[in-house]
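K.L.:
My questions all concern the structure below.
The values are calculated or read from the model by the stated rules, or taken from the named source; none is laboratory data. All figures in this text were calculated on a predicted structure; none of them were measured in a lab. Positions of Cβ are generated from backbone atoms using ideal geometry, with glycine treated the same way; all protein chains shown enter the neighbour counts. When the accessible area is computed, the model is the full protein with side chains, heavy atoms only, and any ligands, DNA or RNA have been set aside. Shrake-Rupley method; radii C 1.70, N 1.55, O 1.52, S 1.80 Å.
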Amino acid sequence: MEERNAVVITGTPGVGKTTLARLLAKALGAELVSLGELVAREGLHEGLEAGSLIVDLGALLKRVSELLSAGRGKLFVVEGHYAHLVVPREKLLMAIVLRRDPRELRQELLRRGYRGRKLLENLQAEVLDVCLYEAVQAYGPGRVYEIDTTGREAEDVLREAMEAIRARRGRVGIVDWLGTLEGEGSLDEFFPVEEAS
């Protein structure tokens with residue numbers, strides 16, 4: 001039987017994945033695998049588009065599987081917005097999906113230099129629960145735990161993540177950005193209607 005030795009930290013860019021992954025790896029005595037760094041360092045990409053590396057998911061899946069299999073007896077924290085796409089189900093201990101209010105997330109992404117289409121696509125992914133949906137599809141709801149990081153300190157999020165890992169019980173559906181924004185009448189900020197020519 002395969003050893004379950006991976007904790008996945010996923011979510012759209014800007015939700016706090018890297019911060020939580022570093023804190024969690026230290027708290028658990030685990031090895032941190034930052035997928036963005038791994039892709040760049042080992043050339044697991046197909047080139048650049050709009051200043052971002054286009055990940056070769058097949059090559060990354062193979063490399064992550066090798067790392068997890070070679071690390072018998074070791075625990076890994078695997079972090080990245082596509083972590084749920086490359087950590088095999090049989091290796092997963094728990095997947096943590098971080099969420100953040102799109103209005104707060106927009107400010108973080110602007111601070112990071114996101115603009116135009118890249119900004120809008122990431123905000124829309126958060127509103128539409130893309131990472132959460134994909135993680136549940138990959139692992140099932142019993143192994144996915146959703147955490148809303150909006151307005152929270154990293155240590156508070158760490159405590160919740162540690163408890164979720166200890167309990168090994170999933171929790172999904174705690175946020176509904178689509179319903180919230182629609183109810184407030186502000187959905188069009190994130191899904192602008194294009195003018196007909």
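K.L.:
Which of GLY51, GLY14, GLY43 moves most in a GNM of the chain, Cα contacts under 10 Å?
P.N.:
Judging by the Gaussian network model, the answer is GLY51.
K.L.:
Shifting gears a bit: Can you sort ARG72, ARG112, ARG171 by 1.4 Å-probe accessible area, starting with the largest?
P.N.:
Values: ARG72 145, ARG112 120, ARG171 80 Å².
From most accessible down to least: ARG72, ARG112, ARG171.
K.L.:
Which whole-Hz couplings ³J(HN,Hα) result when phi for each residue of segment 120-136 is put into the Karplus expression 6.51 cos²θ - 1.76 cosθ + 1.60, θ = phi - 60°, listed in order with x for Gly and Pro?
P.N.:
Using θ = phi - 60°, the values come out as 4, 4, 5, 5, 5, 4, 5, 4, 8, 6, 4, 5, 5, 4, 5, 5, 5 Hz.
K.L.:
OK, next. Could you check the spin-label model distance between ALA40 and LEU128? Points 7 Å from the Cα along Cα→Cβ, value in nm.
P.N.:
A separation of 2.8 nm, rounded to one decimal place.
K.L.:
Rounded, prolate or oblate, given the Cα gyration tensor of segment 1-85, with a/c below 1.5 counting as rounded?
P.N.:
Values: a/c = 2.25, a/b = 1.32, b/c = 1.71.
It comes out oblate by the Cα gyration axes.
K.L.:
Of all DSSP beta bridges in the chain, what percent run antiparallel (nearest 5)? Intermediate values should be presented prior to the final figure.
P.N.:
Details: 3 of 22 bridges.
That works out to approximately 15 percent antiparallel.
K.L.:
Put ASP148, ASP176 in order of accessible area, largest first, 1.4 Å probe: what do you get?
P.N.:
Numbers: ASP148 40, ASP176 85 Å².
Accessible-area ranking of ASP148, ASP176, largest first: ASP176, ASP148.
K.L.:
Quote the accessible area belonging to LYS17 in square angstrom, nearest 10, computed with a 1.4 Å probe and with ligands, DNA and RNA left uncounted.
P.N.:
20 Å²
K.L.:
What do you reckon, how do HIS45, HIS84 stack up by accessible area (1.4 Å probe), largest on top? If you can, show how the numbers build up before the last one.
P.N.:
Details: HIS45 65, HIS84 5 Å².
Sorted by accessible area, descending: HIS45, HIS84.
K.L.:
Now a separate question. Tell me the label only: which of (1) -0.40, -1.11, -1.18; (2) -0.27, -1.43, -1.57; (3) -0.27, -1.29, -1.41 is log10 I(q)/I(0) by the Debye sum over Cα atoms at q = 0.08, 0.18, 0.19 Å⁻¹ as calculated from this structure?
P.N.:
Step by step, log10 I(q)/I(0) by the Debye sum over Cα atoms at q = 0.08, 0.18, 0.19 Å⁻¹ for this structure corresponds to label (3).
K.L.:
Ok, one more. Over segment 124-197, with every protein chain in place, what whole percent of the accessible area is carbon and sulfur at 1.4 Å, could you tell me?
P.N.:
Details: 2160 of 4360 Å².
Carbon-and-sulfur percentage of accessible area, whole number: 49.
K.L.:
How large is ³J(HN,Hα) for each residue in segment 103-109, as worked out from phi by the Karplus curve 6.51 cos²θ - 1.76 cosθ + 1.60 (θ = phi - 60°), to whole Hz, x for Gly and Pro?
P.N.:
With coefficients 6.51, -1.76 and 1.60, one gets 5, 6, 4, 4, 4, 5, 5 Hz.
K.L.:
Further question: As a test question: what accessible area, to the nearest 10 Å², does LEU123 have when a 1.4 Å probe is rolled over all protein chains in place?
P.N.:
Approximately 0 Å² of LEU123 is accessible to the 1.4 Å probe.
K.L.:
Suppose all protein chains stay in the model; what accessible area per residue would a 1.4 Å probe give for segment 38-146, in Å²?
P.N.:
Values: 5210 Å² over 109 residues.
For segment 38-146, the solvent-accessible area averages 48 Å² per residue.
K.L.:
How would you rank 132-141, 153-162, highest first, on the average number of other Cβ atoms within 10 Å across their residues?
P.N.:
Working: 132-141: 18.7, 153-162: 15.0.
Listed from highest to lowest mean packing, they are 132-141, 153-162.
K.L.:
I've got another one for you. Quick check: pseudo-label points 7 Å beyond the Cα along Cα→Cβ at MET162 and GLU104, how many nm apart are they?
P.N.:
A separation of 2.1 nm, rounded to one decimal place.
K.L.:
Report the one residue of LEU128, MET94, LEU57 whose Cα lies farthest in the direction of the positive end of the charge dipole of segment 53-130 (charges on C-beta: Lys and Arg +1, Asp and Glu -1; origin at the Cα centre).
P.N.:
The listed residue farthest towards the positive side: LEU57.
K.L.:
For THR19 paired with GLU31, estimate the spin-label separation in nm (one decimal), with each label point 7 Å from Cα along the Cα-to-Cβ line.
P.N.:
That separation, rounded to one decimal, is 2.8 nm.
K.L.:
Oh, and also: Starting from the amide H of VAL78, placed 1.01 Å from N in the peptide plane, find each other amide H under 5 Å away whose residue is 5 or more places distant or on another chain.
P.N.:
VAL7, VAL8, ILE9, VAL33
K.L.:
Okay, next question. Work out from phi, with θ = phi - 60° and the Karplus expression 6.51 cos²θ - 1.76 cosθ + 1.60, the ³J(HN,Hα) of each residue of segment 11-16, listed in order in whole Hz, and give x for Gly and Pro.
P.N.:
x, 5, x, x, 8, x
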